[in-house]
Amino acid sequence: MVTGTANLGRGKGAVAAGDSLTAQAAADILRDGGNAFDAALGAMCAATVAEPVLASFGGGGFLLARPADEAPRLFDFFAQTPKQGPSPDGRDFYPIVADFGAAQQEFHIGLGSMAVPGLPHGLFRVHGELGHMPLNRLIEPALAVARDGYDLTPFQEYLFSVVGPIYTATEGARALFATQGPSGRLLAAGDRFRNPETADFLDALVREGPRLFYEGDVARRIVEDCVAGGGSLTAEDLAGYRTEVRAPLAVDFGRATVLTNAPPSSGGLLIAFALKLLEGAEGLRGAWGDQAHLTALARAMAVTDGARRDLSNGGGGGDLAGLLDPAAMDGFRKAFLDHPQVRRGTTHISVIDGMDNACALTLSNGEGAGYVVPGTGVMMNNMLGEEDINPQGFDRWPLDVRLGSMMAPTAVETAERLIVLGSGGSNRIRTAVLQVIVNLLAFDMTASEAVAAPRIHVERGHLDMEPGWPEATAVFDDFPDHRVWPERNLFFGGVHMAALETGGGEAIGGMAAAGDGRRAGCAIVLEG
């Protein structure tokens, strides 16, 4: 196993993920003959234990599948709003402050912040269509991690510290995420984390099917606690959940075809828009990081951010309709506007197998609601606590609607390369994925180079920039409101990528993978 980057030649597969245990779960399944989709689902289950702040069966996600011999498809198992609004009295919904060190941000948690989770349903839907191995084999790595436990890393300690008030908010959360005894504190680096109840839950889920979560004992407990404690989820909300499958959004960029998350989510649409802005730009014809490249990239981000705000405010989308397929834009725009967007903490998994199946999977639990479903070890999401989906107030979400997201699992294909990638990072997902694609295609970087290269982000006219740009000052006249960060930072996303290289690059005729060091990424390539 190699953390960070790997290039061991053509073999049984390539994996990149946000934690070594998550990545190892996928690699073990590939070694045993599973395909890319088996590996991604096994890694997803492991991530709910190995990355508990970012992934949970109480949350949701998106899986972009690019089978070798079938049409690509996008599985949407993200969160759904309840069928009715909150009760006027006794709602369990309150703010906490997350401390990022340089900045603080308010989030809302409690039973009243929970939307309908999609991860359990998505597991079965994807496996039913594309899986090869039985599900009881795919959950084995997750069961082992949950029962045996692992020592928390400094990165995990940092994540817990940022959202500490959530993970100590309730007795159930403290039992999992804090040391026990009178001087109990939030778990820290070196502490052993175990979640045996999640192992039992997973074992039961695979035996009983998704009904356990959406109509069975787990559903009943969620509903009972919502009724007694001030939540909004009902039996009808849970029983009515379905995974949605749609064609990915496709856009050409030079000689490449890019497939990404389609509306109602916004991330893929905005990446496609920015790619079309940059296609053929003079700034992509010179050296990486020169004045023309940096200026073109920053201006494209600024225009894209403006288009996003125009769409969010119900406008016409500006140049968006002219840059993407005009015939499709009306449908895209309606889908985008009718489905509020969630921009929260995420993690990502990329897998390619030896049969050229490829998969990109992005997951989120928001920050967590603080509520752990008794007997399951599952922290529920707090998606209804997202300010962007409640612009008129936190009690006015649109009813029974699939939430959109900035999450953008993506595939890139040329005659020489097949690449799957994605990122965490809230609003920075779209700019992180964009820059890595440009690095790969316009500047012919290897997987590891493309992920490690410095990044920028433009939002509301403000430019954030990592160090390492050779001509950094070139763009400051256009963006006087700017900040140069002292070092590379998880603020700029965490792109985890797997690639099949058939000509050129660091793995000629073989596999490559890169895990983003900004977010403790891990990459594994299996030898044949």
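According to the Cα gyration tensor, what semi-axes, each the square root of 5 times an eigenvalue, does the equivalent ellipsoid of the range 176-304 have, listed from largest to smallest in whole Å? Can you show the working numbers first?
Details: eigenvalues 421, 124, 46 Å².
For the range 176-304, the ellipsoid semi-axes come out as 46, 25, 15 Å.
With all protein chains present, how much of the accessible area of the chain (probe radius 1.4 Å) comes from carbon and sulfur, to the nearest whole percent? Mind dumping the intermediate values first?
Details: 8950 of 18340 Å².
Carbon-and-sulfur percentage of accessible area, whole number: 49.
With every protein chain present, what accessible area does PHE160 have (1.4 Å probe, heavy atoms only), rounded to the nearest 10 Å²?
Roll a 1.4 Å probe over it and PHE160 shows about 0 Å².
Stretched out fully, how many nm does the piece from GLN84 to ASP217 gain, at 0.36 nm a residue minus the Cα gap? Present the calculation step by step, with values, prior to reporting the outcome.
Values: separation 133, 0.36 × 133 = 47.88 nm, distance 2.24 nm.
So the chain would gain 45.6 nm between GLN84 and ASP217.
Relative to the longest principal axis of the C-alpha atoms of the chain, give the angle of the C-alpha long axis of helix 217-229, reported between 0 and 90° and rounded to the nearest 10°.
80
What is the pair-distance distribution P(r) of the chain, computed from all Cα-Cα distances in 10 Å bins starting at 0, with each bin given as a whole percent?
Over the chain, the share of Cα pairs per 10 Å bin runs 4, 21, 31, 28, 14, 3, 0 percent.
Report relative contact order for the chain in percent, whole number only (criteria: Cα-Cα under 8 Å, sequence separation at least 6). Present the calculation step by step, with values, prior to reporting the outcome.
On the way: 1346 pairs, mean separation 140.1, N = 528.
Rounded, it is 27 percent for the chain.
Helix 267-278 sits at what angle to the longest principal axis of the chain, using alpha carbons and giving 0 to 90 degrees rounded to 10?
Here the helix axis deviates by roughly 10 degrees.
Nearest 10 degrees is fine. How inclined is helix 326-338 to the longest principal axis of the chain, computing both from alpha carbons?
Around 30 degrees separate the two axes.
Just want the answer: with Cβ charges of +1 for Lys and Arg and -1 for Asp and Glu, which residue in PRO486, GLY370, ALA499 is farthest toward the dipole's positive end in the chain?
After comparing all options, I get GLY370.
Leaving out ligands and nucleic acids, and using a 1.4 Å probe, what accessible area per residue does the chain come to in Å²? Don't skip to the end; give the middle numbers.
Values: 18340 Å² over 528 residues.
Solvent-accessible surface per residue comes out at 35 Å².
What do you reckon, how do TYR371, TYR94 stack up by accessible area (1.4 Å probe), largest on top?
Heavy-atom accessible area, descending, gives TYR94, TYR371.
Per DSSP H run of n ≥ 4, the term is -39500 (n - 2.57); total these for the chain, divide by its residue number, and report the mean residue ellipticity at 222 nm rounded to 500 deg cm²/dmol. Present the calculation step by step, with values, prior to reporting the outcome.
Values: 18 runs with 177 residues, N = 528.
It lands at -10000 deg cm²/dmol.
Order the peptides 432-440, 146-154 from the highest to the lowest mean number of other Cβ atoms within 10 Å of their residues.
Numbers: 432-440: 26.0, 146-154: 15.4.
Highest to lowest by the protection proxy: 432-440, 146-154.
Please give the FRET efficiency for PHE476 paired with ARG396, using the beta carbon to beta carbon distance and R0 = 56 Å, rounded to the nearest 0.05.
After rounding, the FRET efficiency stands at 0.85.
Any idea how far the Cα center of the range 266-311 sits from the one of the range 24-97, in Å?
29
Write down the percent of antiparallel bridges among all DSSP beta bridges whose residues are both part of the range 432-528, to the nearest 5.
On the way: 9 of 12 bridges.
Taking every DSSP beta bridge within the range 432-528, about 75 percent pair in antiparallel fashion.
The values are calculated or read from the model by the stated rules, or taken from the named source; none is laboratory data. Just so it is clear, the structure is predicted and the values come from calculations on it, not from any experiment. Using ideal geometry, Cβ is built from the backbone for each residue, glycine included, and neighbour counts are taken over all protein chains shown. Note: accessible area is taken over every heavy atom of the protein model, side chains too, but ligands, DNA and RNA are not part of it. Shrake-Rupley method; radii C 1.70, N 1.55, O 1.52, S 1.80 Å.
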